[in-house]
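One structure below.
No lab work stands behind these numbers, since they all come straight from the coordinates. Keep in mind that what you see is a predicted model, and the values were worked out from it rather than measured.
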Amino acid sequence: MNVVLVGPPGAGKGTQAQRLQETYGLRHLSTGDMLRAEVAGGTAIGKQAKAIMERGELVPDAILINMIAERIGQPDAAKGFLLDGFPRTVAQAEALDTTLSARKQRLDHVIQLVVDNDAMVERISGRFSCKKCGAGYHDSFRPTKKAGVCDACGSTEMVRRPDDKPETVRTRLAAYDKQTAPLLPYYRRQGVLREVDGMAPIDTVARLLGNLIDAA
């Protein structure tokens, strides 16, 4: 079973991917994590990617596809894989299809986590964490029991990610919508696109995803 999760930053792809990996034995593949591992390991792909990233450029599709092709051929991906954050463009989707076809594989599901952009701004921009222990909180959904004091360690040092500012989040969401919009009809024509309400509670989203996979 090979699955792609599609959704904007903050939609919960990583959380749901981890659950699906545990439930179905699918290997969760995040291109960001994979690139960092390749660079840290000093592999041929890692050396190429490092030089490109140090110049502030995007890693070319060819390198990403080669990395994914190599990764899905490893034994721990034998039951299938779950791609998170890739592909993001039609060109990447076409290259992935070509790679899978050469391996006599295909995508079984491309699942879009459908979200409301205004609600996503609130969800992402409200996040903060304890600088000392890393415990995560949210202004509306998970505030600290005592204002400004970490529930876990008692520290009063709280931090927010610079890219979680409302205006930055809106820019990221707009860029995602523009970039990914053509990807959805591409997979819809193939009959593999499914949609799940990404604004539902985490457990509900997990159940809906499971229902889709179980029905296959």
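Where only DSSP H runs of four or more residues are counted, the chain gives -15000 deg cm²/dmol as its mean residue ellipticity at 222 nm, each run worth -39500 (n - 2.57).
Phi angles of region 180-190 translate, via the Karplus equation with coefficients 6.51, -1.76, 1.60 and θ = phi - 60°, into HN-Hα couplings of 8, 3, x, 5, 5, x, 4, 7, 5, 5, 7 Hz per residue; Gly and Pro are given as x.
Using only the Cα atoms of region 60-189, build the gyration tensor, take square roots of its eigenvalues as a ≥ b ≥ c, and label the shape rounded, prolate or oblate: rounded if a/c is under 1.5, else prolate if a/b is larger than b/c, else oblate.
Details: a/c = 2.96, a/b = 1.91, b/c = 1.55.
Cα axes put region 60-189 in the prolate bin.
Karplus-derived 3J(HN,Hα) values for region 137-144, using 6.51 cos²θ - 1.76 cosθ + 1.60 with θ = phi - 60°, are 9, 8, 3, 9, 8, 8, x, 5 Hz; glycine and proline are entered as x.
Students often get this wrong, so check it: of K132/K178; K145/K165; K13/K50; K131/K165; K13/K79, which have C-alpha atoms separated by over 27 Å?
Details: K132/K178 37 Å; K145/K165 23 Å; K13/K50 25 Å; K131/K165 18 Å; K13/K79 20 Å.
Cα-Cα > 27 Å for K132/K178; rest within.
Here's how it looks for H28: its modeled amide H is under 5 Å from those of L82, which are all 5 or more places away or on a different chain. Centre-to-centre separation between the Cα atoms of region 28-97 and those of region 172-186: 20 Å. Residue-wise HN-Hα couplings along region 204-214, as the Karplus relation 6.51 cos²θ - 1.76 cosθ + 1.60 with θ = phi - 60° gives them from phi, are 5, 4, 4, 5, 5, 5, x, 4, 5, 5, 5 Hz; Gly and Pro carry x. In this structure the amide hydrogen of A135, modeled in the peptide plane, comes within under 5 Å of the amide hydrogens of C130, none closer than 5 places in sequence on its chain.
Using the alpha-carbon atoms, what tilt in degrees (0 to 90, nearest 10) does helix 31-41 show relative to the longest principal axis of the chain? With both axes taken from Cα atoms, the answer is about 80 degrees. Quick check on region 143-216: take the gyration tensor over C-alpha atoms, sort the square-rooted eigenvalues as a ≥ b ≥ c, and tell me if it's rounded (a/c under 1.5), prolate or oblate. Judged from the Cα gyration tensor, region 143-216 comes out oblate (a/c at least 1.5, b/c at or above a/b).
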